Amino acid sequence: DVLSLGVHRIWKDRFVTDLRPRAGEKVLDLAGGTGDIARLVHRRTDGAAHVTLCDINPSMVQVGRDRLLDQGLFRGIDWTVGDAEALPFRDAQFDAVTIAFGIRNVTRIDLALREIRRVLRPGGRFFCLEFSTVSAAALKPLYDAWSFQAMPRIGKMIADDPEAYQYLAESIRRFPAPDDFAAMISDAGLRRVGFDALTGGIAAIHRGWRI
């Protein structure tokens, strides 16, 4: 909230709006430890879609579970510890797979994308919200200064962990440009691939379908 000035909430709302979850659908939310996307899907469908929240970190799964239970959200949501590169689910199980600000931290993104396609039903969709390449020239120097100077200092003040926020800035720069990531999604076998840039390219929503 502090580092994005709350804008990440607007991005996530847009993300789930574009996803258009429907009653009766099964949605897998990867790297979903915070529970934010599961909560928004639950709210948009009045709890009529089933959301499986999956994260590789057991502690994050517990955090997400506790947060959602504290909000009274338990119907139609379950929690699983799992690796995006080797998902613990059967083939063609989900109508939609989402991942928000998590694909950047996967070691072998190509393998994770193939796993995502595997667990999608024919006609199912993959939606990914991730930091991206700033396209607005006037915004880039400000964004760089914020990322490499302000963020580690704020991280130290708030979490006493400046290294984590230095890593955050560096991992964003290492992530493929939008066109390159779209090509990776296509290479994994998904079709109708596209993306929308958000806030001058600071983030992007990527999507693809299993046809």
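Taking the stretch 132-211 as the region of interest, the helices (runs of 4 or more DSSP H) fully inside it that hold 1 or more residues being among the aliphatic types (A, V, I, L, M) and within 15 Å of V7 (Cβ to Cβ) are 140-145, 151-159, 162-174. Checked against (1) open to solvent by less than 20 Å² (accessible area, probe 1.4 Å); (2) part of a helix (DSSP H, G or I); (3) not hydroxyl-bearing (S, T, Y), V27 passes all but a single condition, namely (2). Against the list (1) touching a residue at least 12 places away in the same chain (Cβ under 8 Å); (2) open to solvent by 40 Å² or more (accessible area, probe 1.4 Å); (3) out of contact with any helix residue (DSSP H, G or I) (no Cβ under 8 Å at 6 or more places or on another chain), the condition D91 fails is (3).
Residues that are in a helix (DSSP H, G or I) and open to solvent by 10 Å² or more (accessible area, probe 1.4 Å) within the stretch 105-129 comprise N105, I109, D110, L111, R114, E115, R117, R118, listed in sequence order.
Among the residues of the stretch 33-58, those identified as small (G, A, S) and closer than 17 Å to D95 by Cα are A38, G47, A48, A49. Restricted to the stretch 38-86, and to residues there that are of a type in the set (K, R) and over 15 Å from the mean Cα position of the chain (by Cα), the residue that is nearest to A112 (Cα to Cα) is R65. Screening the stretch 40-104 for strands (runs of 3 or more DSSP E) wholly inside it with 1 or more residues that are modelled with pLDDT of 95 or more and in contact with a Lys or Arg (Cβ under 9 Å, 6 or more places away or on another chain) returns the ranges 50-55, 94-100.
Please work out if D1 is outside any helix (DSSP H, G or I), buried (at least 24 other Cβ atoms within 10 Å of the Cβ) and not small (G, A, S). Criteria not met by D1. Looking at this structure, is P122 without any contact (Cβ under 8 Å) to a residue 60 or more places away in the chain and not charged (D, E, K, R)? No; evaluated as a whole, the condition is false for this residue.
The values are calculated or read from the model by the stated rules, or taken from the named source; none is laboratory data. Given the structure is predicted, the values throughout are model-derived calculations rather than measurements. Heads up, the Cβs are rebuilt from the backbone with ideal geometry, glycines too, and the neighbour counts pull from every protein chain shown. Heads up: the accessible areas ignore ligands, DNA and RNA and are worked out on the full protein's heavy atoms, side chains in. Shrake-Rupley method; radii C 1.70, N 1.55, O 1.52, S 1.80 Å.
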